[in-house]
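Working notes, structure below.
The values are calculated or read from the model by the stated rules, or taken from the named source; none is laboratory data. Keep in mind it's a predicted model, so treat the numbers as computed, not measured. Quick reminder, even Gly has a Cβ in these numbers, built from the backbone with ideal geometry, and neighbours come from all protein chains shown.
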(Lines give C-alpha, C1' and ligand atoms only; values in the text may rest on other atoms or scores of the structure.)
Protein backbone atom coordinates (compact mmCIF):
# COMPACT_ATOMS: atom_id res chain seq x y z
CA UNK A 1 0.00 0.00 0.00
CA UNK A 2 2.90 2.34 0.74
CA UNK A 3 4.16 1.77 -2.80
CA UNK A 4 0.68 2.45 -4.15
CA UNK A 5 0.46 5.75 -2.26
CA UNK A 6 3.92 6.75 -3.48
CA UNK A 7 2.97 5.89 -7.05
CA UNK A 8 -0.27 7.84 -6.74
CA UNK A 9 1.59 10.85 -5.33
CA UNK A 10 4.11 10.75 -8.16
CA UNK A 11 1.38 10.56 -10.80
CA UNK A 12 -0.47 13.44 -9.14
CA UNK A 13 2.62 15.63 -9.32
CA UNK A 14 3.19 14.52 -12.91
CA UNK A 15 -0.36 15.43 -13.94
CA UNK A 16 -0.25 18.85 -12.29
CA UNK A 17 3.11 19.57 -13.88
CA UNK A 18 1.78 18.62 -17.31
CA UNK A 19 -1.25 20.87 -16.87
CA UNK A 20 0.92 23.83 -15.92
CA UNK A 21 3.52 23.19 -18.60
CA UNK A 22 0.88 22.69 -21.27
CA UNK A 23 -0.87 25.89 -20.20
CA UNK A 24 2.32 27.90 -20.18
CA UNK A 25 3.49 26.52 -23.52
CA UNK A 26 0.14 27.12 -25.18
CA UNK A 27 -0.59 30.59 -23.90
CA UNK A 28 2.56 32.59 -23.43
CA UNK A 29 4.33 32.10 -26.77
CA UNK A 30 1.97 33.95 -29.09
CA UNK A 31 -0.05 37.06 -28.28
CA UNK A 32 -1.08 40.46 -29.60
CA UNK A 33 -2.92 43.48 -28.23
CA UNK A 34 -5.81 45.53 -29.59
CA UNK A 35 -7.49 48.75 -28.50
CA UNK A 36 -11.02 49.18 -29.86
CA UNK A 37 -12.82 52.54 -29.55
CA UNK A 38 -16.49 52.66 -30.55
CA UNK A 39 -17.78 56.19 -31.09
CA UNK A 40 -21.32 56.15 -32.42
CA UNK A 41 -21.25 53.96 -35.52
CA UNK A 42 -17.49 54.30 -36.09
CA UNK A 43 -15.01 51.75 -34.77
CA UNK A 44 -11.37 52.74 -34.34
CA UNK A 45 -8.76 50.01 -33.90
CA UNK A 46 -5.15 50.17 -32.74
CA UNK A 47 -3.54 46.76 -33.20
CA UNK A 48 -0.12 46.09 -31.64
CA UNK A 49 1.88 43.14 -32.96
CA UNK A 50 5.14 41.91 -31.40
CA UNK A 51 7.92 41.59 -33.96
CA UNK A 52 8.05 37.82 -33.43
CA UNK A 53 4.40 37.58 -34.48
CA UNK A 54 4.95 39.71 -37.57
CA UNK A 55 7.70 37.34 -38.66
CA UNK A 56 5.18 34.50 -38.78
CA UNK A 57 3.91 36.06 -42.02
CA UNK A 58 7.25 35.43 -43.71
CA UNK A 59 7.23 33.49 -46.97
CA UNK A 60 9.92 32.16 -49.26
CA UNK A 61 9.46 35.21 -51.45
CA UNK A 62 9.32 37.60 -48.49
CA UNK A 63 11.45 36.20 -45.63
CA UNK A 64 11.35 39.53 -43.75
CA UNK A 65 7.74 40.77 -44.11
CA UNK A 66 7.42 44.53 -44.38
CA UNK A 67 4.61 46.55 -42.82
CA UNK A 68 2.62 46.24 -46.03
CA UNK A 69 2.31 42.47 -45.60
CA UNK A 70 1.10 42.86 -42.01
CA UNK A 71 -1.36 45.60 -43.03
CA UNK A 72 -2.88 43.37 -45.71
CA UNK A 73 -3.10 40.46 -43.27
CA UNK A 74 -4.86 42.53 -40.59
CA UNK A 75 -7.29 43.95 -43.16
CA UNK A 76 -8.31 40.40 -44.07
CA UNK A 77 -8.62 39.10 -40.50
CA UNK A 78 -9.90 41.98 -38.33
CA UNK A 79 -13.24 43.70 -38.79
CA UNK A 80 -16.66 44.63 -37.46
CA UNK A 81 -20.25 43.98 -38.50
CA UNK A 82 -23.87 44.69 -37.65
CA UNK A 83 -25.94 41.57 -38.07
CA UNK A 84 -24.96 40.13 -41.45
CA UNK A 85 -23.77 43.50 -42.80
CA UNK A 86 -20.04 44.14 -42.63
CA UNK A 87 -18.81 47.54 -41.49
CA UNK A 88 -16.99 49.30 -44.32
CA UNK A 89 -13.35 50.27 -43.95
CA UNK A 90 -12.99 54.02 -43.49
CA UNK A 91 -9.24 53.77 -43.13
CA UNK A 92 -7.24 50.69 -44.02
CA UNK A 93 -4.52 49.50 -41.63
CA UNK A 94 -1.49 51.75 -41.65
CA UNK A 95 1.68 51.52 -39.60
CA UNK A 96 2.30 54.12 -36.88
CA UNK A 97 5.17 54.68 -34.46
CA UNK A 98 5.73 51.87 -31.94
CA UNK A 99 8.24 50.92 -29.28
CA UNK A 100 11.19 48.74 -30.21
CA UNK A 101 10.26 45.12 -30.80
CA UNK A 102 6.65 45.91 -31.75
CA UNK A 103 4.65 47.07 -34.75
CA UNK A 104 1.51 49.16 -34.34
CA UNK A 105 -1.27 49.68 -36.87
CA UNK A 106 -4.33 51.92 -36.88
CA UNK A 107 -7.51 51.52 -38.93
CA UNK A 108 -11.24 52.20 -38.63
CA UNK A 109 -14.67 51.05 -39.79
CA UNK A 110 -18.02 52.71 -40.37
CA UNK A 111 -20.97 50.56 -39.35
CA UNK A 112 -24.53 50.71 -40.74
CA UNK A 113 -27.47 51.48 -38.43
CA UNK A 114 -28.45 48.66 -36.12
CA UNK A 115 -28.67 47.59 -32.51
CA UNK A 116 -25.27 46.08 -31.71
CA UNK A 117 -21.83 45.99 -33.28
CA UNK A 118 -19.95 42.70 -33.47
CA UNK A 119 -16.16 42.89 -33.34
CA UNK A 120 -14.13 40.23 -35.12
CA UNK A 121 -10.46 39.44 -34.51
CA UNK A 122 -9.13 36.37 -36.29
CA UNK A 123 -5.53 37.43 -36.74
CA UNK A 124 -2.79 34.83 -36.21
CA UNK A 125 -5.11 31.99 -35.16
CA UNK A 126 -4.54 30.33 -38.54
CA UNK A 127 -0.79 30.50 -37.91
CA UNK A 128 -0.71 29.69 -34.17
CA UNK A 129 -3.92 28.03 -32.86
CA UNK A 130 -3.05 28.95 -29.25
CA UNK A 131 -2.59 32.65 -30.07
CA UNK A 132 -4.37 35.12 -27.74
CA UNK A 133 -5.33 38.72 -28.48
CA UNK A 134 -5.80 40.86 -25.38
CA UNK A 135 -8.34 43.55 -26.23
CA UNK A 136 -9.63 46.63 -24.47
CA UNK A 137 -12.95 48.02 -25.70
CA UNK A 138 -14.15 51.53 -24.89
CA UNK A 139 -17.43 53.10 -25.99
CA UNK A 140 -19.04 56.52 -26.13
CA UNK A 141 -20.88 55.80 -22.87
CA UNK A 142 -17.57 55.91 -21.00
CA UNK A 143 -17.44 52.16 -20.45
CA UNK A 144 -14.20 50.20 -20.70
CA UNK A 145 -14.14 46.43 -20.84
CA UNK A 146 -11.51 43.78 -21.47
CA UNK A 147 -11.86 40.74 -23.68
CA UNK A 148 -9.79 37.77 -24.80
CA UNK A 149 -9.97 36.79 -28.46
CA UNK A 150 -8.95 33.16 -29.00
CA UNK A 151 -9.28 30.66 -31.82
CA UNK A 152 -12.56 29.44 -30.30
CA UNK A 153 -13.89 32.94 -29.54
CA UNK A 154 -13.09 35.30 -32.39
CA UNK A 155 -16.25 37.42 -32.17
CA UNK A 156 -17.55 39.83 -29.56
CA UNK A 157 -21.23 40.62 -30.00
CA UNK A 158 -23.05 43.78 -28.91
CA UNK A 159 -19.82 45.69 -28.33
CA UNK A 160 -20.35 49.28 -27.32
CA UNK A 161 -23.89 48.53 -26.22
CA UNK A 162 -23.54 50.82 -23.22
CA UNK A 163 -25.81 49.62 -20.45
CA UNK A 164 -26.19 46.19 -22.11
CA UNK A 165 -22.91 45.08 -20.54
CA UNK A 166 -24.31 43.22 -17.57
CA UNK A 167 -20.97 42.64 -15.89
CA UNK A 168 -19.79 46.24 -16.06
CA UNK A 169 -22.96 47.70 -14.55
CA UNK A 170 -23.77 44.80 -12.23
CA UNK A 171 -23.51 44.99 -8.46
CA UNK A 172 -22.13 42.55 -5.92
CA UNK A 173 -25.42 40.66 -5.54
CA UNK A 174 -25.71 40.38 -9.32
CA UNK A 175 -22.33 38.64 -9.34
CA UNK A 176 -23.58 36.27 -6.65
CA UNK A 177 -26.68 35.48 -8.73
CA UNK A 178 -24.47 34.91 -11.77
CA UNK A 179 -22.48 32.31 -9.83
CA UNK A 180 -25.63 30.56 -8.59
CA UNK A 181 -27.11 30.39 -12.09
CA UNK A 182 -23.83 29.11 -13.48
CA UNK A 183 -24.01 26.05 -11.21
CA UNK A 184 -27.74 25.47 -11.63
CA UNK A 185 -27.55 25.61 -15.44
CA UNK A 186 -24.31 23.65 -15.93
CA UNK A 187 -25.12 19.98 -16.51
CA UNK A 188 -21.47 18.92 -16.25
CA UNK A 189 -20.90 20.67 -12.91
CA UNK A 190 -24.22 19.34 -11.53
CA UNK A 191 -23.25 15.82 -12.60
CA UNK A 192 -19.94 16.13 -10.79
CA UNK A 193 -21.70 17.27 -7.59
CA UNK A 194 -24.10 14.35 -7.91
CA UNK A 195 -21.08 12.05 -8.07
CA UNK A 196 -19.64 13.60 -4.90
CA UNK A 197 -22.91 12.92 -3.08
CA UNK A 198 -22.97 9.30 -4.30
CA UNK A 199 -19.39 8.63 -3.23
CA UNK A 200 -19.87 10.02 0.30
CA UNK A 201 -21.35 7.64 2.84
CA UNK A 202 -21.26 10.15 5.72
CA UNK A 203 -21.77 13.90 6.04
CA UNK A 204 -18.16 14.15 7.18
CA UNK A 205 -17.01 12.53 3.94
CA UNK A 206 -19.17 14.93 1.93
CA UNK A 207 -17.69 17.87 3.83
CA UNK A 208 -14.18 16.67 2.90
CA UNK A 209 -14.87 16.41 -0.83
CA UNK A 210 -16.82 19.67 -1.03
CA UNK A 211 -14.00 21.45 0.80
CA UNK A 212 -11.40 20.10 -1.62
CA UNK A 213 -13.51 21.02 -4.63
CA UNK A 214 -14.11 24.54 -3.31
CA UNK A 215 -10.44 25.20 -2.59
CA UNK A 216 -9.46 23.98 -6.05
CA UNK A 217 -11.93 25.93 -8.17
CA UNK A 218 -11.50 29.10 -6.09
CA UNK A 219 -7.76 29.08 -6.77
CA UNK A 220 -7.86 28.52 -10.52
CA UNK A 221 -10.85 30.82 -11.03
CA UNK A 222 -8.79 33.66 -9.56
CA UNK A 223 -5.65 32.72 -11.51
CA UNK A 224 -7.48 32.55 -14.83
CA UNK A 225 -9.65 35.66 -14.50
CA UNK A 226 -6.69 37.81 -13.43
CA UNK A 227 -4.67 36.54 -16.40
CA UNK A 228 -1.93 34.79 -14.41
CA UNK A 229 -2.70 31.41 -15.98
CA UNK A 230 -5.06 30.62 -18.85
CA UNK A 231 -4.98 27.01 -20.09
CA UNK A 232 -6.44 25.84 -23.38
CA UNK A 233 -10.25 25.88 -23.04
CA UNK A 234 -10.60 22.72 -25.16
CA UNK A 235 -8.35 20.79 -22.78
CA UNK A 236 -10.30 21.94 -19.74
CA UNK A 237 -13.72 21.07 -21.21
CA UNK A 238 -12.52 17.54 -21.98
CA UNK A 239 -10.87 17.07 -18.59
CA UNK A 240 -14.10 18.11 -16.85
CA UNK A 241 -15.70 15.11 -18.57
CA UNK A 242 -12.86 12.95 -17.23
CA UNK A 243 -13.47 14.13 -13.65
CA UNK A 244 -17.14 13.10 -13.94
CA UNK A 245 -16.20 9.67 -15.31
CA UNK A 246 -13.62 9.12 -12.55
CA UNK A 247 -16.09 9.89 -9.77
CA UNK A 248 -18.43 7.26 -11.22
CA UNK A 249 -15.57 4.82 -11.81
CA UNK A 250 -14.46 5.05 -8.18
CA UNK A 251 -17.96 4.14 -7.02
CA UNK A 252 -17.94 1.17 -9.40
CA UNK A 253 -14.49 0.09 -8.14
CA UNK A 254 -15.55 0.25 -4.48
CA UNK A 255 -18.90 -1.47 -5.03
CA UNK A 256 -17.46 -4.29 -7.16
CA UNK A 257 -14.35 -4.65 -4.96
CA UNK A 258 -12.28 -4.80 -8.15
CA UNK A 259 -10.35 -1.53 -8.19
CA UNK A 260 -7.49 -3.04 -10.19
CA UNK A 261 -9.81 -4.04 -13.03
CA UNK A 262 -11.49 -0.61 -13.13
CA UNK A 263 -8.10 1.11 -12.95
CA UNK A 264 -6.79 -1.02 -15.82
CA UNK A 265 -9.85 -0.22 -17.97
CA UNK A 266 -9.46 3.49 -17.27
CA UNK A 267 -5.75 3.43 -18.07
CA UNK A 268 -6.42 1.52 -21.30
CA UNK A 269 -8.96 4.09 -22.51
CA UNK A 270 -6.70 7.05 -21.83
CA UNK A 271 -3.65 5.23 -23.23
CA UNK A 272 -5.53 4.58 -26.48
CA UNK A 273 -6.46 8.26 -26.69
CA UNK A 274 -2.83 9.22 -26.07
CA UNK A 275 -1.64 6.74 -28.71
CA UNK A 276 -4.15 8.08 -31.22
CA UNK A 277 -2.89 11.59 -30.71
CA UNK A 278 0.74 10.48 -31.00
CA UNK A 279 -0.14 8.84 -34.33
CA UNK A 280 -1.67 12.04 -35.66
CA UNK A 281 -5.32 11.79 -34.59
CA UNK A 282 -6.46 15.24 -33.52
CA UNK A 283 -7.21 15.37 -29.79
CA UNK A 284 -5.67 16.27 -26.47
CA UNK A 285 -1.84 16.22 -26.22
CA UNK A 286 -0.62 12.66 -25.74
CA UNK A 287 1.54 13.62 -22.75
CA UNK A 288 -1.49 15.14 -21.03
CA UNK A 289 -3.55 12.00 -21.68
CA UNK A 290 -0.70 9.77 -20.50
CA UNK A 291 -0.38 11.78 -17.29
CA UNK A 292 -4.15 11.69 -16.76
CA UNK A 293 -4.10 7.92 -17.27
CA UNK A 294 -1.36 7.36 -14.68
CA UNK A 295 -3.11 9.64 -12.20
CA UNK A 296 -6.53 8.04 -12.69
CA UNK A 297 -5.27 4.44 -12.53
CA UNK A 298 -3.23 4.99 -9.39
CA UNK A 299 -6.01 6.90 -7.67
CA UNK A 300 -8.57 4.16 -8.40
CA UNK A 301 -6.18 1.45 -7.16
CA UNK A 302 -5.30 3.29 -3.94
CA UNK A 303 -8.83 4.44 -3.05
CA UNK A 304 -10.23 0.98 -3.77
CA UNK A 305 -7.93 -0.61 -1.18
CA UNK A 306 -8.36 1.98 1.58
CA UNK A 307 -10.87 1.34 4.36
CA UNK A 308 -11.52 5.10 4.66
CA UNK A 309 -10.56 7.18 1.61
CA UNK A 310 -12.23 10.41 2.78
CA UNK A 311 -9.00 12.33 3.37
CA UNK A 312 -7.53 11.08 0.11
CA UNK A 313 -10.60 12.36 -1.69
CA UNK A 314 -9.98 15.80 -0.18
CA UNK A 315 -6.75 15.95 -2.20
CA UNK A 316 -8.26 14.46 -5.34
CA UNK A 317 -11.32 16.70 -5.39
CA UNK A 318 -8.96 19.64 -4.92
CA UNK A 319 -7.30 18.58 -8.20
CA UNK A 320 -10.70 18.16 -9.82
CA UNK A 321 -11.66 21.58 -8.48
CA UNK A 322 -8.62 23.10 -10.18
CA UNK A 323 -9.95 21.82 -13.51
CA UNK A 324 -13.54 22.97 -12.90
CA UNK A 325 -12.29 26.39 -11.79
CA UNK A 326 -10.73 26.92 -15.21
CA UNK A 327 -14.08 25.90 -16.69
CA UNK A 328 -15.88 28.54 -14.60
CA UNK A 329 -13.34 31.14 -15.69
CA UNK A 330 -13.67 30.31 -19.40
CA UNK A 331 -17.40 31.08 -19.29
CA UNK A 332 -16.85 34.20 -17.20
CA UNK A 333 -14.20 35.59 -19.55
CA UNK A 334 -16.67 35.46 -22.46
CA UNK A 335 -18.86 38.06 -20.74
CA UNK A 336 -16.43 40.99 -21.03
CA UNK A 337 -14.95 41.56 -17.59
CA UNK A 338 -15.24 45.09 -16.16
CA UNK A 339 -11.91 46.80 -15.53
CA UNK A 340 -11.43 47.74 -11.88
CA UNK A 341 -14.07 45.39 -10.48
CA UNK A 342 -12.27 42.05 -10.64
CA UNK A 343 -12.03 41.60 -6.85
CA UNK A 344 -15.74 42.27 -6.36
CA UNK A 345 -16.59 40.06 -9.33
CA UNK A 346 -14.44 37.16 -8.12
CA UNK A 347 -15.74 37.23 -4.55
CA UNK A 348 -19.37 37.57 -5.61
CA UNK A 349 -19.23 34.96 -8.37
CA UNK A 350 -17.35 32.48 -6.18
CA UNK A 351 -19.82 32.99 -3.34
CA UNK A 352 -22.65 32.38 -5.77
CA UNK A 353 -21.03 29.15 -6.95
CA UNK A 354 -20.77 27.96 -3.35
CA UNK A 355 -24.42 28.85 -2.67
CA UNK A 356 -25.46 27.04 -5.83
CA UNK A 357 -23.53 23.87 -5.14
CA UNK A 358 -24.56 23.79 -1.47
CA UNK A 359 -28.20 24.21 -2.51
CA UNK A 360 -27.91 21.32 -4.96
CA UNK A 361 -26.24 19.05 -2.40
CA UNK A 362 -28.85 19.84 0.26
CA UNK A 363 -31.62 19.30 -2.29
CA UNK A 364 -30.26 15.84 -3.16
CA UNK A 365 -29.89 14.88 0.50
CA UNK A 366 -33.33 16.26 1.35
CA UNK A 367 -34.99 14.42 -1.53
CA UNK A 368 -33.37 11.17 -0.44
CA UNK A 369 -34.53 11.70 3.17
CA UNK A 370 -38.11 12.39 2.05
CA UNK A 371 -38.20 9.23 -0.05
CA UNK A 372 -36.95 7.19 2.92
CA UNK A 373 -39.60 8.64 5.23
CA UNK A 374 -42.30 8.01 2.64
CA UNK A 375 -41.19 4.40 2.26
CA UNK A 376 -40.46 4.90 -1.44
CA UNK A 377 -36.68 4.68 -1.32
CA UNK A 378 -34.80 1.90 -3.05
CA UNK A 379 -31.55 0.46 -1.71
CA UNK A 380 -28.54 2.76 -1.65
CA UNK A 381 -26.52 0.11 -3.50
CA UNK A 382 -28.91 0.22 -6.47
CA UNK A 383 -28.90 4.04 -6.57
CA UNK A 384 -25.10 4.15 -6.40
CA UNK A 385 -24.67 1.46 -9.05
CA UNK A 386 -27.09 2.99 -11.54
CA UNK A 387 -25.97 6.54 -10.86
CA UNK A 388 -22.28 5.66 -11.10
CA UNK A 389 -22.77 3.80 -14.39
CA UNK A 390 -24.58 6.84 -15.75
CA UNK A 391 -21.78 9.16 -14.62
CA UNK A 392 -19.13 6.97 -16.25
CA UNK A 393 -21.04 6.92 -19.53
CA UNK A 394 -21.77 10.66 -19.48
CA UNK A 395 -18.22 11.55 -18.45
CA UNK A 396 -16.62 9.39 -21.17
CA UNK A 397 -19.02 10.89 -23.72
CA UNK A 398 -17.97 14.43 -22.74
CA UNK A 399 -14.28 13.47 -22.71
CA UNK A 400 -14.30 11.90 -26.17
CA UNK A 401 -16.58 14.40 -27.92
CA UNK A 402 -14.81 17.41 -26.45
CA UNK A 403 -11.37 16.00 -27.16
CA UNK A 404 -12.16 15.19 -30.80
CA UNK A 405 -15.13 17.44 -31.51
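Applying the criterion of being within 17 Å of the chain's Cα centre (by Cα) and not in a helix (DSSP H, G or I) to the residues of segment 178-207, the residue that is modelled with the highest pLDDT is 186. Does any residue of segment 297-313 turn out to be under 20 Å from residue 190 (Cβ atoms), in contact (Cβ under 8 Å) with a residue 24 or more places away in the chain and assigned by TED's automatic domain parsing to the domain that holds residue 389? Checked segment 297-313: at least one residue is under 20 Å from residue 190 (Cβ atoms), in contact (Cβ under 8 Å) with a residue 24 or more places away in the chain and assigned by TED's automatic domain parsing to the domain that holds residue 389. The numbered conditions (1) assigned to a strand (DSSP E or B); (2) touching a helix residue (DSSP H, G or I) at 6+ places or on another chain (Cβ under 6 Å) are all true for residue 135 except (2). Among the residues of segment 171-197, just one is farther than 26 Å from residue 396 by Cα and free of Cβ contacts under 8 Å to residues at least 60 places away in the same chain, namely 171. Selection of first residues in segment 230-242 that are touching a residue at least 40 places away in the same chain (Cβ under 8 Å) and assigned by TED's automatic domain parsing to the domain that holds residue 195 and of second residues that are crowded, with 23+ Cβ neighbours inside 10 Å and not in a helix (DSSP H, G or I), restricted to Cβ pairs under 7 Å at least 6 apart or on distinct chains, gives the following pairs, ordered by first then second residue: 235/284; 238/284. Looking only at residues in segment 76-93 that are exposed (fewer than 15 other Cβ atoms within 10 Å of the Cβ) and touching a residue at least 24 places away in the same chain (Cβ under 8 Å), the one that is farthest from residue 157 (Cα to Cα) is 90.
Taking the options 346, 342, name whichever one is within 30 Å of residue 135 (Cβ to Cβ) and at pLDDT below 80.
Within the list 346, 342, the selection yields 342.
When the test is whether a residue is modelled with pLDDT under 80, surrounded by 15 or more Cβ atoms within 10 Å (Cβ to Cβ) and in contact with a helix residue (DSSP H, G or I) (Cβ under 8 Å, 6 or more places away or on another chain), residue 337 passes it.
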